[in-house]
Amino acid sequence: MRVLVTGGAGFIGSQAVAALAARGHDPVVLDALLPSAHPEPPPPHPDAELIHGDVRDPATVLRALRGVDAVCHQAAMVGLGRDFADAPAYVGCNDLGTAVLLAAMAETGVAELVLAGSMVIYGEGRYDCARCGPVRPGPRAAADLDAGRFEPRCQVCGAELTPGLVTEDAPADPRNVYAATKLSQEHLAAAWARATGGRAVALRYHNVYGPGMPRDTPYAGVASFFRSALARGEAPRVFEDGRQRRDFVHVRDVAEANATALEALHGREPGVLTPYNAGSGAPHTVGEMASALARAYGGPAPEVTGEYRLGDVRHITADSSRLAADLGWKARVGFAEGMAEFAASALRRGTETSE
Ligand SMILES: NC(=O)c1ccc[n+]([C@@H]2O[C@H](COP(=O)([O-])OP(=O)(O)OC[C@H]3O[C@@H](n4cnc5c(N)ncnc54)[C@H](O)[C@@H]3O)[C@@H](O)[C@H]2O)c1
Ligand SMILES: [Zn+2]
C-alpha cells in the first residue's frame with residue numbers, strides 16, 4: 001500500500017515511515033521541515049521519498065496524493081509555543097492544514113486516514129471521589145500549587161481524589177491552543193469521513209519518548225528535558241512533588257500502532273472516525289521516570305523542586321484496552337528497557353519553542 005506520511009520527517013513520523021517500510025508498504029513523506037522542528041535539515045530517510053512542502057498548500061498536497069492508498073497524518077506544530085501570539089500558526093498548520101489535506105483527499109478519492117491525535121484533548125484526566133463517584137476537576141488554583149497542594153480535590157465535597165484511567169468516551173477539555181487544535185483535527189476528520197464515506201482512526205498518543213526525540217522542548221518533552229539535563233551533566237529537575245502520573249509510550253510502539261491501524265482501515269465501517277488511546281498501559285510518575293533515566297545514564301539523581309507550570313495537569317493516564325481489543329496492538333517496549341535505550345541514544349537538535 002502506498003501511504004502518504006505527512007510530517008514524516010518528524011520524531012514520530014520518521015518511525016512510522018520505517019514501520020511501514022518494514023511491513024512491505026511504500027511510504028512517501030510530505031513535510032515542510034519547519035525550522036522550529038528542524039533547525040538543521042534532517043538527513044534523508046532511507047525508506048521514503050521526501051516531498052518538501054506544506055500541508056496548507058493544496059497544489060502540493062494534490063501532487064503528494066498521486067497514487068496514494070491511505071494517509072498517515074502526523075504533520076503538526078507541537079508544543080505549548082511561546083505565548084498566545086503563536087495561536088494563528090498552530091491553527092494554520094494543524095487545522096487549516098488538516099482541512100486542506102482532507103479536501104484534497106475528497107477530491108482525489110483517497111478514503112483512508114490515520115490521524116495523530118493526542119491525550120491533551122482530555123485536560124485533567126479521570127478521577128474518582130470516594131463519596132461523589134467519577135469527577136472532573138477544573139484547573140488547579142495557583143494558591144494551592146504555591147502552597148504545595150498539588151493533588152486536585154473534588155469540586156463537590158473537597159475530598160482527595162483517586163486518579164483513574166481515561167477512556168476514549170471521556171469528554172474533551174482542551175486547555176491550551178495546541179490541545180484545541182488537536183481536538184479540532186479530530187472533528188474535521190470525522191466530518192470528512194461522514195461527508196465522503198471515508199474510513200478514519202485517530203490515535204490519541206500519550207507521552208511519546210525515544211530515540212530522535214527533540215531536545216529541550218516545552219511539551220511532552222519532560223523526558224527530553226531530563227535527558228538534556230543529564231547530557232549537560234546536570235540533575236533532572238522534577239517539578240511539583242514528582243508524584244504526577246503519566247503514561248510514557250515508546251516511539252516505536254506508536255509507529256507500530258500507526259502501521260497496524262493503517263492496515264486495518266480497509267475493513268472498517270465507512271463514514272466513521274474511531275478514536276483510540278495509544279499508551280503503554282503502565283502509568284509511571286514523572287519522578288520515577290527521572291530516576292530511571294538518571295540511573296541508566298549514570299548521572300546525578302533527580303532534584304524535586306516543587307516548581308510548577310500553571311497549564312500542567314496533575315495526572316493523565318490512558319486506558320488503551322480498546323486499541324488492543326479492536327486492532328490487536330499492544331505496547332511492547334517496557335519502561336525500564338525503553339528508558340535505558342533512551343538514556344543511551346542521541347536527541348535530535350531542537351529549539352526552545354518547538355518539540
Ligand atoms: N511527541 C508526543 O509526545 C506527541 C503526543 C501526542 C501527539 N503527538 C502528535 O504526533 C504528531 C507528530 O509529532 P512529533 O512529536 O513527531 O513532532 P515533530 O515536530 O517531530 O514532527 C512534526 C513534523 O510535522 C512537520 N510539519 C509541521 N507543520 C507542517 C506543515 N504545515 N506542513 C508540512 N509539514 C509540517 C514538521 O516539519 C515536523 O517534521 C503531531 O501531530 C503531534 O501533535 C505527539
Ligand atoms: Zn466528592
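A compact table of results
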{"item": "Residue match in segment 187-197 (condition: outside any helix (DSSP H, G or I) and either touching a residue at least 60 places away in the same chain (Cβ under 8 Å) or of a type outside the set (S, T, N, Q) (or both))", "result": "yes"}
{"item": "Wholly enclosed helices (runs of 4 or more DSSP H) of segment 259-355 bearing at least 3 residues touching a residue at least 12 places away in the same chain (Cβ under 8 Å) and either more than 30 Å from A191 (Cβ to Cβ) or touching a His at 6+ places or on another chain (Cβ under 7 Å) (or both)", "result": "286-297, 335-344"}
{"item": "Scope segment 199-251; condition in a loop (DSSP other than H, G, I, E, B), among the aliphatic types (A, V, I, L, M) and either closer than 30 Å to A324 by Cα or under 20 Å from the mean Cα position of the chain (by Cα) (or both); matching residues", "result": "M213, A220"}
{"item": "Selection count, segment 295-321, where residues are surrounded by fewer than 16 Cβ atoms within 10 Å (Cβ to Cβ) and either at pLDDT below 95 or in contact with a Pro (Cβ under 9 Å, 6 or more places away or on another chain) (or both)", "result": "6"}
{"item": "Out of R153, R175, R131, R82, sole residue that is modelled with pLDDT under 95, more than 16 Å from ligand 1 (Cβ to nearest atom) and of a type in the set (K, R)", "result": "R153"}
{"item": "Residue in segment 190-203 that is touching a helix residue (DSSP H, G or I) at 6+ places or on another chain (Cβ under 7 Å), within 12 Å of ligand 1 (Cβ to nearest atom) and closer than 27 Å to D86 by Cα present", "result": "yes"}
{"item": "Enumerated strands (runs of 3 or more DSSP E) restricted to segment 89-147, each holding at least 1 residues that are surrounded by fewer than 22 Cβ atoms within 10 Å (Cβ to Cβ) and within 16 Å of ligand 2 (Cβ to nearest atom)", "result": "126-129, 133-135"}
{"item": "Conditions (1) within 16 Å of ligand 2 (Cβ to nearest atom); (2) acidic (D, E); (3) touching a residue at least 40 places away in the same chain (Cβ under 8 Å): number failed by E160", "result": "(3)"}
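The values are calculated or read from the model by the stated rules, or taken from the named source; none is laboratory data. Predicted model, so just to flag it, every value in this text is computed and none were measured. Don't worry about glycine lacking a Cβ; one is built from the backbone with ideal geometry, like all the others, and counts go over all protein chains shown.
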